[in-house]
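To keep things clear, I will list the structure first and then write my remarks on it.
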Amino acid sequence: MRVTVMNLATGKERIYMGCEPEDAVMAAYAQAHGDWCTWLYSKYQKFARSGRFCVSCGDWTAFKRRVVL
């Protein structure tokens, strides 16, 4: 699955392949804070929030499924 994650504060986008949107936003959040230890990203789960259509972690947000705008 290809997930586009956007930083709502800066407009910066990152693309993640092979993961779910929930994992992609946690990865973007962690990497923005200098944490590249991917096997430990589950510790950021406490910062993740999930809504009906999107998931976010800090300023990073992604749609849960493919959406046509």
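What follows is calculated from the coordinates using simple rules that are stated; it is not laboratory data. Predicted, not measured: the structure shown is a model, and the values here were computed from it. Counting neighbours? That spans all protein chains shown, and the Cβs are built from the backbone with ideal geometry, glycine included.
Here the chain is treated as a sphere whose radius is the Kirkwood value from Cα pairs; by Stokes-Einstein at 37 °C and 0.692 mPa s it diffuses with a coefficient of 278 µm²/s.
The string of couplings for the range 18-35 from the Karplus curve (6.51, -1.76, 1.60, θ = phi - 60°) is x, 9, 7, x, 4, 6, 5, 5, 5, 5, 4, 4, 4, 5, 5, 9, x, 9 Hz, one whole number per residue in order, with x for Gly and Pro. Here the spin labels are modelled as points 7 Å beyond Cα on the Cα-Cβ line, and at E20 and Q45 they lie 1.0 nm apart. Peptide packing for 44-50, 21-27, 7-13, 54-60 was compared via the average number of neighbouring C-beta atoms within 10 Å per residue; ordered from the highest value, the list is 21-27, 54-60, 44-50, 7-13.
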